[in-house]
Each structure stands twice: as C-alpha cells, then as structure tokens.
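The values are calculated or read from the model by the stated rules, or taken from the named source; none is laboratory data. None of these values were measured; they are calculated from a predicted model. Cβ coordinates were reconstructed from backbone atoms using ideal geometry, including for glycine residues, and neighbour counts include every protein chain displayed. For the accessible areas, the whole protein counts, side chains as well, though only heavy atoms, and no ligand, DNA or RNA atoms are used. Shrake-Rupley method; radii C 1.70, N 1.55, O 1.52, S 1.80 Å.
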Amino acid sequence: MEIIIGLIIAFILLAFLYGILCLIIKKWPVLIWIVGIGGGVILAIITSWWIGAIGGFILIGFLAAAEASGGHKCAHCGSYDTDVTKKEDGFEYWQCNKCHGITYDYITK
C-alpha cells in the first residue's frame, strides 16, 4: 500500500514540476541550450563522453518538447508565446506576444 501511495505522490509531484518547467522554458528559451549542453558536459565528466553526448541530446529534446507543449507556434517569429484570440468557422486564431503577429489554422477534430 505504501508503494502505491508513494507512486501517486511521485506522479503528482512530477506533473507539477513539469508544469513549472514548461513555464520557465517558455519565458527563457535559451535555457534549453544552457541546461542541455551543461547537463551533457556534467554527464560526460561523470561517465564517458558518448554517454554525455547522448544525455545532452535527450535533455535538449525533452526541454524543447516542454517549450512546445500547450502552445501554438507563431508563423512570423517561431515563438510559442501565443494566446488564442478567437475560434470561428472552423478556424482558430492566435496572436504572438513577442511580434504581435496573428496566425490562424484550421481546427482538426
């Protein structure tokens, strides 16, 4: 029973930390490269160079996925810092908070 409760608490904690990570990465996307390369170098020092390289690439991919989650990509500047402004006639419109460009796409169901 303790194992089940521990797993539930761990899952809730990981979901919360992933949400915080998504917010931080969306605010400062340069952290993807800093943390990815730094984590890869630290892992290479601890183990070997090829494990550090693989770990760094995995970390960069994980952080890039965290940046892209829950957002729409701006067609003008490529930022994921966008807000949905309206949905009508099967289209969804969102505005970029950086370049203020408006992008739209067909809503697929």
Is it true that some residue in the stretch 50-59 is open to solvent by less than 60 Å² (accessible area, probe 1.4 Å), within 30 Å of Thr103 (Cα to Cα) and part of a helix (DSSP H, G or I)?
yes
Please specify each residue of the stretch 89-98 satisfying the condition of being open to solvent by less than 60 Å² (accessible area, probe 1.4 Å) and not small (Gly, Ala, Ser).
Glu92, Tyr93, Trp94, Cys96
Right, Ala66: in contact with a helix residue (DSSP H, G or I) (Cβ under 7 Å, 6 or more places away or on another chain) and more than 17 Å from Cys22 (Cβ to Cβ) or not?
no
Condition check for Lys86: exposed (fewer than 13 other Cβ atoms within 10 Å of the Cβ), free of Cβ contacts under 8 Å to residues at least 40 places away in the same chain and among the charged types (D, E, K, R):
yes
What are the residues in the stretch 15-48 that are open to solvent by 50 Å² or more (accessible area, probe 1.4 Å) and not in a helix (DSSP H, G or I), if any?
Trp28, Val30, Thr47
Look at Gly78 and say whether it is at pLDDT below 80, open to solvent by less than 40 Å² (accessible area, probe 1.4 Å) and touching a Ser or Thr at 6+ places or on another chain (Cβ under 7 Å).
no
